[in-house]
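The values are calculated or read from the model by the stated rules, or taken from the named source; none is laboratory data. Note that the structure is predicted; figures quoted are calculated from it, not measured. In this analysis, Cβ positions are derived from the backbone assuming ideal geometry, glycine residues included, and neighbour counts consider all displayed protein chains.
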Amino acid sequence: MSDHAQHDDDARRATLERAYKATAFVAEVPGGSIEIRVGRQHPALDTLLIGRGFDAWAFITAWNPASKRLTDAENATRQQRLQDELTSLRLAMFPGHGVPDEGDWPPEASLLVLGLAEADALRIGRHHGQNAVVVGAHGGPARLVWCL
């Protein structure tokens with residue numbers, strides 16, 4: 001890869017990272033919602049993990065692969081495939097949305113999945129064309145993990 005191409009990739013990743021950090025990842029769980037932010041700890045999520053007997057989680061979507069906007073119909077089809085794949089793993093899932101702070105990108109339907117290991121979240125994220133997934137473990141902060 002040329003230095004110029006590497007610089008372009010680095011610049012794109014930096015732009016994407018800023019966007020992910022300026023997004024609320026909101027999951028609808030029993031009793032309300034949990035807002036997840038990259039780099040922060042989430043006691044309510046820890047409580048949910050303990051109550052369900054899990055120690056890890058992932059927030060994942062199939063919408064807009066590689067940050068390329070698709071139609072709502074295309075995104076809904078992709079999201080259903082993701083949900084079907086995750087359902088087959090028999091993990092606890094809760095619907096959610098990634099909601100940008102600035103409103104410059106449409107909210108993306110997503111899933112909070114309890115018990116999904118980071119390696120599996122990466123594999124699934126890559127399979128669905130995602131740039132990154134947000135993952136975490138009990139007691140730790142939400143982390144952005146690149147699928148690229």
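Within the range 106-148, track down each residue that is polar (S, T, N, Q) and buried (at least 21 other Cβ atoms within 10 Å of the Cβ).
If the condition is that a residue be polar (S, T, N, Q) and buried (at least 21 other Cβ atoms within 10 Å of the Cβ), then S110, Q130 are the ones that fit.
Could you please find all residues in the range 51-86 being among the β-branched types (V, I, T), more than 15 Å from C147 (Cβ to Cβ) and surrounded by 12 or more Cβ atoms within 10 Å (Cβ to Cβ)?
Within the range 51-86, T77 is the sole residue that qualifies.
Could you list, ordered by first residue, the pairs with Cβ atoms under 8 Å in which the first is in the range 1-13 and at pLDDT 75 or above and the second is exposed (fewer than 10 other Cβ atoms within 10 Å of the Cβ), at least 6 apart or interchain?
Listed pairs, sorted by first residue: D9/M1.
Taking the stated definitions as given, is E35 in contact with a strand residue (DSSP E or B) (Cβ under 8 Å, 6 or more places away or on another chain), without any contact (Cβ under 8 Å) to a residue 12 or more places away in the chain and not in a helix (DSSP H, G or I)?
The answer is yes for E35.
Kindly provide the set of residues from the range 71-123 that are in contact with a strand residue (DSSP E or B) (Cβ under 8 Å, 6 or more places away or on another chain), part of a helix (DSSP H, G or I) and closer than 12 Å to T61 by Cβ, ordered by number.
Passing the criteria: N75, A76, Q79, L82, Q83, L86, A121.
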